[in-house]
Number of protein chains: 2
Amino acid sequence: MSRGNGSAIGLHRVLEPAGVLPQAAWRLDASPQLYDDEVRLRVERLNLDAASFRQLREAHNGDGDAVRREVLEIIATRGKMHNPVTGSGGMLVGVVEEVGAGSTLGLAVGERVATLVSLTLTPLVITDELARWDGTDEQVPASGHAILFGRSIAAVLPPDLPVPLSLAVLDVCGAPALTSRVVRGYSQPRVLVIGAAGKSGALALAAAREAGASSLVGLVPSPEEATRLSAAELADDVVLADARDPVAVAQAVGAPADVTIVCVDVPGCEGGAILATAPGGTVVFFSMATSFAAAALGAEGVAADVTMLVGNGYAPGHADMALGLVRSRPGVRRLFEQRLDLELSVSS
Amino acid sequence: MSRGNGSAIGLHRVLEPAGVLPQAAWRLDASPQLYDDEVRLRVERLNLDAASFRQLREAHNGDGDAVRREVLEIIATRGKMHNPVTGSGGMLVGVVEEVGAGSTLGLAVGERVATLVSLTLTPLVITDELARWDGTDEQVPASGHAILFGRSIAAVLPPDLPVPLSLAVLDVCGAPALTSRVVRGYSQPRVLVIGAAGKSGALALAAAREAGASSLVGLVPSPEEATRLSAAELADDVVLADARDPVAVAQAVGAPADVTIVCVDVPGCEGGAILATAPGGTVVFFSMATSFAAAALGAEGVAADVTMLVGNGYAPGHADMALGLVRSRPGVRRLFEQRLDLELSVSS
């Protein structure tokens, strides 16, 4: 029997407090029966957000079994994997199990997908007690189900790329999409990417090139990253500076940029980005460490006529675009694989 | 003897730590001798930032004399009125005393100006011990001098408007300038202003009308504000909702806006602004209470394809534009005067 459509953004799944958005909710209804515009996934793996996993590990002094029990407890209590301390979640991988008659997400039963909306708003039930997970890694093998709303976002994992690579790309796929859009608003602009050898930075460089940048500057903090970025052949100039030092950034960049993309996940990079950008230019902040006040007051303090954008993680077609860049630009793929290797060697 | 030009953003006045921007500096050189591109003001009044004054008053249990001594101590120590606890400053009013031969600010000796860059980056010396101030009000009569850099911003106070009105307008003059620019990017857009009966909100409404908005919605939190806003005749529709309740905001607004301007100085307004904005639309956040992460994750969480701007307090011509709106739109002036009356009655 049809239940009709739900709210496209999941309001019908909010149990408490009533009336808030799913992300703000304490508890969601994660029951498996679908509203017409929903999709149910069979869960294969959770990828916990790094900040969330670190908090859990530290709270339990590295006791993996205790971490596992707390993750189970959170999901059972809240109907979603929403760490109440950090406020963060992560993403999941699963296989499409049932598609509601009114769903417009374009998914078909049997497809393997990654969710691109946070676990903090995704209804989730775990049925295997996470028995295959030892609690010492943010990659969590899992069985159970999850619900996608009418307007949720999920990307089909491409058969031609390794799953860890695809997940890493999808995690930052908002950056190249917005970079492309902003760069296309200028004629042959000079583009600066701060934190250019990282994952979002590499994709932003590649997207800026495709969007018509005439000159691409990649800023990195160390000679090692400079060597890697130069070898990837994504930037015309690779420059070295501490992104938190405004004067050093402006000097390293030289001629100011028309578009500056900030991809460094450390606080205090607002001033350098603003100083390195020409009047009439645009700064896009993708780092979650960005301070709204530092950006607003920083630009005012130096009378900088720059447009400053909050890096929205969503734009139509963002996943396909990012995966396309990884396929077409060997330098992007190489930087991602080097990062993934680094992460594996750090966590092991 | 000429000292030559300084750094346009004041780096040459930073004493410690070396190499940072004046706003980030612990201590500035506030000596009166000018570099060629600088301007010196004879200070008449400091307007302490509200957050800073509140902190000082509470720290001293309302003892005005102690507050006065601490303000003197801060200025003497740091060479600027930069509250080390709140990190905020304020603005000042003064008369142009000397203009360096290389200054491009367009100021003439004898003009009365308000600084539009923060006191947190303005070299300042006080010479009268603030003897005319009792420490119980954020308006501080003062004598001394202040320095403007090559790229500082100051606005000449217009002779036809009362000084308190001009100061209140200049304090928020970035809002109408950026609103106008964004609205002109759309063809006959529907514009929503959240917090529309406040100072920046009223100016944003007036600017949006001049920039070609076809439909203007003003959202306010109370029937009293709705009455005032309706009487000002700045909006086509006045609607009531708690800006922190996304669902209520979206319902009150009805048809989504192409451009949404957030002028409410309380946290938690990101979700409502995003939900009330159409795909392809733009949200401008002017509130310093905006959370960067809440905006970025909020848009992603509901797959909202909206452009989100950090409200830059500076744009060329912003002061003249705002003062012009106060002159040409009686409703704007009335809302400002009502606000100023309210502030006087609250602080007395």
Worksheet item: Which of the residues belonging to the range A:247-264 are more than 14 Å from residue A:217 (Cα to Cα) and either more than 9 Å from chain B (Cβ to nearest Cβ) or assigned to a loop (DSSP other than H, G, I, E, B) (or both)?
Response: A:264
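Residue by residue, here is whether (1) under 30 Å from residue B:12 (Cβ atoms); (2) assigned to a helix (DSSP H, G or I); (3) at pLDDT 85 or above holds:
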residue: A:280; (1), (2), (3): yes, no, yes
residue: A:298; (1), (2), (3): yes, yes, yes
residue: A:323; (1), (2), (3): no, yes, yes
residue: A:326; (1), (2), (3): no, yes, yes
residue: A:332; (1), (2), (3): no, yes, yes
Discussion item. So if I check each of B:316, B:279, B:267, which one is over 22 Å from the mean Cα position of the chain (by Cα), surrounded by fewer than 17 Cβ atoms within 10 Å (Cβ to Cβ) and either within 12 Å of chain A (Cβ to nearest Cβ) or among the aliphatic types (A, V, I, L, M) (or both)?
Written reply: B:279
Practice prompt. Could you list all residues from the range B:155-189 that are part of a strand (DSSP E or B) and open to solvent by less than 20 Å² (accessible area, probe 1.4 Å)?
Written response: B:155
Worksheet item: Assuming residue A:20 fulfils every condition listed in (1) of a type in the set (A, V, I, L, M); (2) within 13 Å of chain B (Cβ to nearest Cβ); (3) surrounded by fewer than 20 Cβ atoms within 10 Å (Cβ to Cβ); (4) over 26 Å from residue B:244 (Cα atoms) apart from one, which condition is it?
Response: (4)
Worksheet item: Restricting attention to the range B:145-154, and to residues there that are in a strand (DSSP E or B) and more than 19 Å from the chain's Cα centre (by Cα), which single residue is farthest from the other protein chains (Cβ to nearest Cβ)?
Response: B:145
Practice prompt. For the range B:325-341, enumerate the residues that are crowded, with 18+ Cβ neighbours inside 10 Å and small (Gly, Ala, Ser).
Written response: B:331
Practice prompt. Could you figure out which of (1) part of a helix (DSSP H, G or I); (2) at the interface with chain B (Cβ under 7 Å from one of its Cβ atoms); (3) buried (at least 23 other Cβ atoms within 10 Å of the Cβ) isn't true of residue A:274?
Written response: (2)
Item to complete: From the list A:175, A:131, A:197, pick out the single residue that is hydrophobic (A, V, I, L, M, F, W, C) and free of Cβ contacts under 8 Å to residues at least 12 places away in the same chain.
Response: A:131
Item to complete: Tally the residues that are part of a loop (DSSP other than H, G, I, E, B) and either over 22 Å from residue A:74 (Cβ atoms) or within 14 Å of chain B (Cβ to nearest Cβ) (or both), restricting the search to the range A:23-36.
Response: 7
Practice prompt. Just need a number here: residues in the range A:92-106 that are closer than 18 Å to residue A:9 by Cα, open to solvent by 20 Å² or more (accessible area, probe 1.4 Å) and touching a strand residue (DSSP E or B) at 6+ places or on another chain (Cβ under 7 Å).
Written response: 3
Fill in: Unique residue being touching a residue at least 24 places away in the same chain (Cβ under 8 Å), within 14 Å of chain A (Cβ to nearest Cβ), part of a helix (DSSP H, G or I) and crowded, with 16+ Cβ neighbours inside 10 Å when the list is B:7, B:52, B:88
B:52
Worksheet item: How many residues are farther than 24 Å from residue B:279 by Cα, hydrophobic (A, V, I, L, M, F, W, C) and free of Cβ contacts under 8 Å to residues at least 40 places away in the same chain when one looks only at the range A:289-348?
Response: 13
Worksheet entry | Every residue from the range A:216-243 that is surrounded by 18 or more Cβ atoms within 10 Å (Cβ to Cβ) and not in a strand (DSSP E or B) | A:225, A:226, A:228, A:229, A:232, A:234, A:235, A:241, A:243
Worksheet entry | Residue satisfying condition, being of a type outside the set (Phe, Trp, Tyr), closer than 20 Å to residue B:154 by Cα, within 14 Å of chain A (Cβ to nearest Cβ) and open to solvent by less than 50 Å² (accessible area, probe 1.4 Å), within set B:14, B:43, B:39 | B:39
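Can you tell me which residues in the range B:282-295 are of a type outside the set (S, T, N, Q) and either open to solvent by 20 Å² or more (accessible area, probe 1.4 Å) or more than 11 Å from chain A (Cβ to nearest Cβ) (or both)?
B:286, B:288, B:289, B:293, B:294
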Fill in: Residues that are modelled with pLDDT under 95, open to solvent by 20 Å² or more (accessible area, probe 1.4 Å) and of a type in the set (A, V, I, L, M, F, W, C), drawn from the range B:23-36
B:24
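Looking at B:175, B:202, B:168, B:207 in this structure, which one is small (Gly, Ala, Ser) and modelled with pLDDT under 95?
Of the residues listed, the single one that is small (Gly, Ala, Ser) and modelled with pLDDT under 95 is B:168.
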Fill in: Criterion (away from chain B (no Cβ under 14 Å), surrounded by fewer than 23 Cβ atoms within 10 Å (Cβ to Cβ) and over 20 Å from the mean Cα position of the chain (by Cα)) met by exactly one of A:131, A:142
A:131
Discussion item. Name the single residue that is nearest to the other protein chains (Cβ to nearest Cβ) among those in the range B:109-128 being charged (D, E, K, R) and in a loop (DSSP other than H, G, I, E, B).
Written reply: B:111
Worksheet item: Quick one: would you say residue A:67 is of a type in the set (A, V, I, L, M, F, W, C) and within 28 Å of residue B:305 (Cα to Cα)?
Response: no
Item to complete: Find the residue count for the range A:59-85, including only residues that are under 29 Å from residue A:312 (Cβ atoms) and surrounded by fewer than 17 Cβ atoms within 10 Å (Cβ to Cβ).
Response: 2
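The values are calculated or read from the model by the stated rules, or taken from the named source; none is laboratory data. As the structure is a prediction and not an experimental result, all values here were calculated from the model. Counting neighbours? That spans all protein chains shown, and the Cβs are built from the backbone with ideal geometry, glycine included. In case anyone asks, the SASA skips ligands and DNA or RNA and just uses the protein heavy atoms, side chains included. Shrake-Rupley method; radii C 1.70, N 1.55, O 1.52, S 1.80 Å.
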